[in-house]
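To keep things clear, I will list the structure first and then write my remarks on it.
The values are calculated or read from the model by the stated rules, or taken from the named source; none is laboratory data. Predicted model, so just to flag it, every value in this text is computed and none were measured. With ideal geometry, Cβ positions are generated from the backbone for all residues, glycine too; neighbour counts draw on all protein chains shown.
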Amino acid sequence: MNAKQRVHACLQREPADRIPVFMWFHPETARRLAKLLDVPVERVGEAMGNDVRQTWVNNNYAMEGIVHERDGESHVDLWGIQWVKKGAFNQIAAFPLADAGPRQILEYCFPAEHLDALLEPMVPLMPYADACFIGVDVSPCVFEMYNRLRGMEGALLDLAAQPSLAYEMLGRCADFAVMVSEAACERFSVDWLWTGDDVAGQQSLFMSPACWRELAKPHLERVVRVGASRGLPVAYHCCGALRPIIPDLINIGITVLNPVQCNCPGMDPLELKREFGSQLTFMGGVDTQNLLPNGSADEVRRATTRLIEGMTSDGGGYILAASHTVPTETPDENLFAMYAAAGITKEEIFDRAAGIRSALQSNE
């Protein structure tokens, strides 16, 4: 099977040659693997066996797609958000609406005139569309986008003290995500719509479930509908303890849940599979806090095997991934042990890397 066939089989609970994989690596982990495999860093996922090719077309590109070399380097994105490199990642240094009053907030304009530029990262994926499963990431969609404009404190305060203002602005965030989603789905051949909205921390939601249902859920549903109305699977990314709203996500049409942060309350992958496995495909759940960086290779292999067996008890419905980016402290042998549990050998990975090098050389 090729990657596209493998992921579609997983989503439809049909037999496949192996479990599909979509792994995200910490930037330093990716650089280390690039050196080990002797491939460009942007080809590491391919060499390691990722079955999904995906890129950002909303504000996540500003966070992850623009890479600075040195700490302290910064840029201001199309939304007016200032990002600065701190360690391996870009962090927000200035929120454009942090000190704004209600009138200024309502006067804010999203960068709709830059739609073509936002969609441009999808173009390099299209040559792979026949063999690879292609995703388009339109996150952040609702609350997380408002958080980036207003700052977490301001966004949460608005939810509590100015709910009508918050509802309006969450709606405008969703309007922009809907526009980008519709354009991407019309212009490109995609296999799923990837949404996302971090609304939870390690212990609980940032807001009450009732608040989320009233102010955020209706707007997220409009974004989801773009993919669902086209017959596409719709994935949703949210870190943390989001168990209270999982039934709501199913209700509005979410079909894939990521990253299943297994150390958080209510997020045990096998328990979620038993409760929601007939309605959701799960992606994630491999522990990045303890197992991958601190376990032995044998422990990683056994835990990953148990996870895969439990998450595919109905014949599919699971994509192997870590519960966060694979951390830098993860030993190489632990990485290869995790992949071995999925049926991807170390030899296969190095052979695929050799194929990438050969193709690059022939194109020079």
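Within the range 8-32, the residues that satisfy the criterion of being touching a residue at least 40 places away in the same chain (Cβ under 8 Å) and part of a helix (DSSP H, G or I) are His8, Ala9, Cys10, Leu11, Pro27, Glu28, Thr29, Arg32.
What's the total number of residues in the range 106-153 that are acidic (Asp, Glu) and in contact with a helix residue (DSSP H, G or I) (Cβ under 8 Å, 6 or more places away or on another chain)? Total meeting the criteria: 2. Summed over the range 262-275, residues that are in a loop (DSSP other than H, G, I, E, B) and within 26 Å of Gln12 (Cα to Cα) total 4. For the range 87-117, give me the residue count where each residue is modelled with pLDDT under 95 and either assigned by TED's automatic domain parsing to the domain that holds Val326 or not small (Gly, Ala, Ser) (or both). Within the range 87-117, residues that are modelled with pLDDT under 95 and either assigned by TED's automatic domain parsing to the domain that holds Val326 or not small (Gly, Ala, Ser) (or both) number 1. For the range 276-288, the condition of being part of a loop (DSSP other than H, G, I, E, B), outside the structural domain of Leu249 (by TED's automatic domain parsing), of a type in the set (Asp, Glu) and surrounded by fewer than 21 Cβ atoms within 10 Å (Cβ to Cβ) holds for none of the residues.
The residue that is farthest from the chain's Cα centre (by Cα), counting only those in the range 318-329 that are of a type outside the set (Val, Ile, Thr) and either more than 21 Å from Cys264 (Cβ to Cβ) or not in a loop (DSSP other than H, G, I, E, B) (or both), is Tyr318. Tallying residues that are buried (at least 20 other Cβ atoms within 10 Å of the Cβ) and not small (Gly, Ala, Ser) within the range 337-348 yields 2. Of all residues in the range 25-49, those being basic (Lys, Arg) and under 21 Å from the mean Cα position of the chain (by Cα) number 2. Taking the residues in the range 19-65 that are out of contact with any Phe, Trp or Tyr (no Cβ under 6 Å at 6 or more places or on another chain) and of a type in the set (Gly, Ala, Ser) as candidates, determine which candidate is farthest from Ala235 (Cα to Cα). Only one residue fits best here, namely Ala34.
If I filter the range 86-105 down to residues being touching a helix residue (DSSP H, G or I) at 6+ places or on another chain (Cβ under 7 Å) and within 25 Å of Thr29 (Cα to Cα), which single residue comes out as surrounded by the most Cβ atoms within 10 Å (Cβ to Cβ)? Among residues in the range 86-105 that are touching a helix residue (DSSP H, G or I) at 6+ places or on another chain (Cβ under 7 Å) and within 25 Å of Thr29 (Cα to Cα), the one surrounded by the most Cβ atoms within 10 Å (Cβ to Cβ) is Asn90.
Here Lys85 meets the list (1) part of a loop (DSSP other than H, G, I, E, B); (2) under 21 Å from the mean Cα position of the chain (by Cα) almost entirely, failing just condition (1). Put simply, of Ser74, Ser139 the only residue that is of a type in the set (Gly, Ala, Ser), buried (at least 21 other Cβ atoms within 10 Å of the Cβ) and modelled with pLDDT of 95 or more is Ser139.
Name the residues in the range 245-263 that are of a type in the set (A, V, I, L, M) and in contact with an Asp or Glu (Cβ under 7 Å, 6 or more places away or on another chain), would you? Passing the criteria: only Ile252.
In the range 307-317 there is no residue matching the filter, namely being over 15 Å from Met338 (Cα atoms), in the same structural domain as Lys4 (by TED's automatic domain parsing), touching a Gly at 6+ places or on another chain (Cβ under 6 Å) and not in a loop (DSSP other than H, G, I, E, B).
Scan the range 37-51 for residues that are part of a helix (DSSP H, G or I), within 20 Å of Leu320 (Cβ to Cβ) and not basic (Lys, Arg) and the total you get is 6.
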